[in-house]
1. Using a 1.4 Å probe on the protein chains only, how many percent of the accessible area of region 42-199 belongs to carbon and sulfur?
2. Can you sort 723, 580 by solvent-accessible area, 1.4 Å probe, largest first?
3. Measuring with a 1.4 Å probe in the full set of protein chains, what accessible area per residue, in whole Å², belongs to region 8-205?
4. What percent of all Cα-Cα pairs in region 8-205 falls in each 5 Å bin, counting up from 0?
5. Keeping all protein chains in the complex and leaving out DNA, RNA and ligands, what accessible area do you get for residue 118 with a 1.4 Å probe, in Å² to the nearest 10?
6. For 557, 208, give the ranking by accessible area with the largest first, probe 1.4 Å.
7. Could the peptides 510-523, 808-821 be put in order, highest first, of the mean number of other beta-carbon atoms found within 10 Å of their residues?
8. Rounded to the nearest 20 debye, what is the charge dipole size of region 8-205 about its Cα centre when +1 sits on each Lys and Arg Cβ and -1 on each Asp and Glu Cβ?
Amino acid sequence: MWFSFWRSRDRFSLDELRYLTNQLQKVQIVNDVNKDFVIEALRSIAELLTYGDQHDSSFFEFFMEKQVMGEFIRILKISKTVTVSLQLLQTISILIQNLRREHAIYYMFSNEHVNYLITYSFDFRNEELLSYYISFLRAISGKLNKNTISLLLKTQGEEVVSFPLYVEAIRFAFHEESMVRTAVRAITLNVYHVGDEFVNKFIASAPHSDYFSNLVSFFRDQCINLSKLFSERPKNPCSESVSAMLAKVDEIEDNLYYFSDVISAGIPVVGSLITDNILQLLILPLLFPALQIDADSNLKIGAVTSLYLLCCILRIVKIKDLANTIAAALLYPLETFAANSEVKINGYVSGNNCANESEEPLVDSVTPVNAGQLCVDIPNKATSSQVHPGGIIAERDFSCSHLSLRETLLSYVTDGDDARALGSLSVLATLLQTKELDESMLDGLGILPQRKQHKKLLLQALVGEGSGEEQLFSFESGSARDSISSELDGYLKKLKEQYGVSIGGAAASPRIRRNQVLDALVKLLCRSDISTEILWDGGWLLRQLLPYSEAEFKSHHLKLLKDSYRNCRSALVQETKGIWVDLLITVLCDQWKKCKRAIEASSPRKEPKCILLPFQKLNSEDIPAESSFTAGERMSELVKVFVLLHQLQIFSLGRTLPEQPPIQPQIDIPEISRARAAGLDVSGPKPGTEAKFVHALPCRIAFERGKERHFHFLAVSVGTLGWVLLAEELPLKQNYGIVRVAAPLAGTNPRIDDKHARWLHLRIRPSTLPFLDAPKSGTPGETRIKSLVDGRWTLAFRDDKSCKTALSMILEEINLQNMEVERRLKPVLDLEL
């Protein structure tokens, strides 16, 4: 029978479809003998129906008349091989995906044939079969709308009692294969976006609503795995561990984007379910307690991972209730959330020497932000036996003061390591950028931008509400409100009633909290033990909070900033005599542009993942501390700090930040100079340049063992640049030579040999700093740069006098170079002018 399948016929014809259908109807059992024919017949029928849908409607009319879908189901029932099941799923998937006529889709979904296939007991131990099955479900979901979805439901009255497509799909929501999980999420999103009221009720009702709690639980396990990878990275700092962590980061962010897509479907109950589960299963029991837990504690998530996750959740999951609840919870002490955890508090929490948060610090006194001064005074209260139903948070007695979560973030800013400081700044910046957050919440946290405060009070003054006009023009401006708004009170009440978070104590005013934030940021900018990249992030946040002028700063803020600026300026002056003096102005101009762009940007420069991989590490483990490479790194970091503090000084004085630093222009080469006498121009010498031997001294040097060469030595400076030159004499042109070697003058550190008075030792550093041109591509957090090692020259002169003359020549030219750099930098170093 199956041999006649290959006889000659018009392939795309109704006769061909009729023939194939008749042959299928004759099949009574499918086994290894006839399976190839059945598979080819199923494939051909799909091809013919797709062709007919575009060219001839009679093809599908025949398909309906002969009830071929029923034949497909019969073939599946009598089939003994998995390959037929594979082809059948693929055939129906192709039909559903490619049929364009609406009545054809209606027919495919009717008569319960599709639902039968959805609920059929396939052997999913076969991975290929599972893949075809999931593709089949996804094809169905792609055709869903408010009309077609009803064909796949079973209802009683107006209530949906069965929806096999959704129920069977979410069975594989947490499959070990990521492609399966991705497909299931696409299916669920297609269902949610239909917007059918009765389907939405079905989805949000038990037991189907468990999917959302299971989803958050699965996400929580991924977060725990990420924390393990992060904690193990110092023990295994290879590129593979970085790649594994970045892969986990991508997976976590994909999960959060899925949450966001689900919420965008506009099902209110589902949004509430996701919010409650994220809070009850992840944030309140794990992320918040992790912020003050020792690294050797039993908590499953570390502080740095917690900070990263908080940033991601706030940035990606756009739920107003979630964002505002997180913000309100930051006002509570850690113990409120860690009551059931057998852990000890880390070193940032002081003992009993805590000041009351509601006590306002003295305006003109320095108020460091640390564990001893940023604490909330919580009076004793009766023990409550009420515990949240989920067992997450419990009320308990408090006999002393402890840091609130918000103050913990500030303590990390002022005293934490690089990762915690960056993480805390990122959380504060993310809160500031979260549009779902009420301004009253930002005000309560002390991070409401001053421009928004002025705008709000201006509106109040215009409409005559309260004392808006008085606050607007008062010295304390609008941040001096003494009460927390009703919005914040509402979320504090919700935390108590819905999540069991309850604690007594007086609330501090927004003005006090704002001063604490400013204190923390100013103290951060005065730190010398932190990465300059983090200082720039702190400068951005400070710029957002205080976009006006010096009047917005407290006097002790200005004093701290000015003292830090002066110290940095003094160190920069020393660099005008340093190893990299010739690149100092170039680096300063480059970093000026970058810093200006960074602190004036509308959003932070870095993505949350940089909290886990915050810093570029150069491949410089074998470089000695006294090398020019190390000195160059130090100079570059110093310039970054100086530029930031300088720009903040300009900003605090109410001046406009210029596009370029105020640097004096370059001058022409003096008439009386070694460079002019040698016939060099402002572009400087290059190998092959002709030079005149006016001040040049004959010498010998061996670049290879046993191969000594004769040169004329000359040191010259042209403005801020300088070189030591080795030139070969031209035989046909007396007192002229060709420059063969040109090396940087700065950093040569000339020294006459102790035993041989005719020998002059020079250190020759690279002409540029390799990390200034570091590639932007590659794995974040780790940049491999081949560092250049300093060279060593030993020049042998004719006599002691020539050697001393060469030494004096180098020192004089270095001095001229240093003086020119200092002259050009004078305006930028004298800020008061």
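The values are calculated or read from the model by the stated rules, or taken from the named source; none is laboratory data. None of the values given here were measured: they were computed from a predicted structure. Virtual Cβ from ideal backbone geometry, glycine too; neighbours counted across all protein chains shown. Keep in mind that these areas ignore ligands, DNA and RNA; they rest on the heavy atoms of the full protein, side chains included. Shrake-Rupley method; radii C 1.70, N 1.55, O 1.52, S 1.80 Å.
1. On the way: 3130 of 7120 Å².
Using a 1.4 Å probe with all protein chains present, region 42-199 comes out at 44 percent carbon and sulfur.
2. Sorted descending by solvent-accessible area, the residues read 723, 580.
3. Solvent-accessible surface per residue comes out at 46 Å².
4. Calculated over all Cα pairs of region 8-205, the distribution is 1, 7, 16, 19, 19, 16, 12, 7, 3, 1, 0, 0 percent.
5. 0
6. Ranking 557, 208 by accessible area, largest first, yields 208, 557.
7. 510-523, 808-821
8. In total the dipole reaches around 160 debye.
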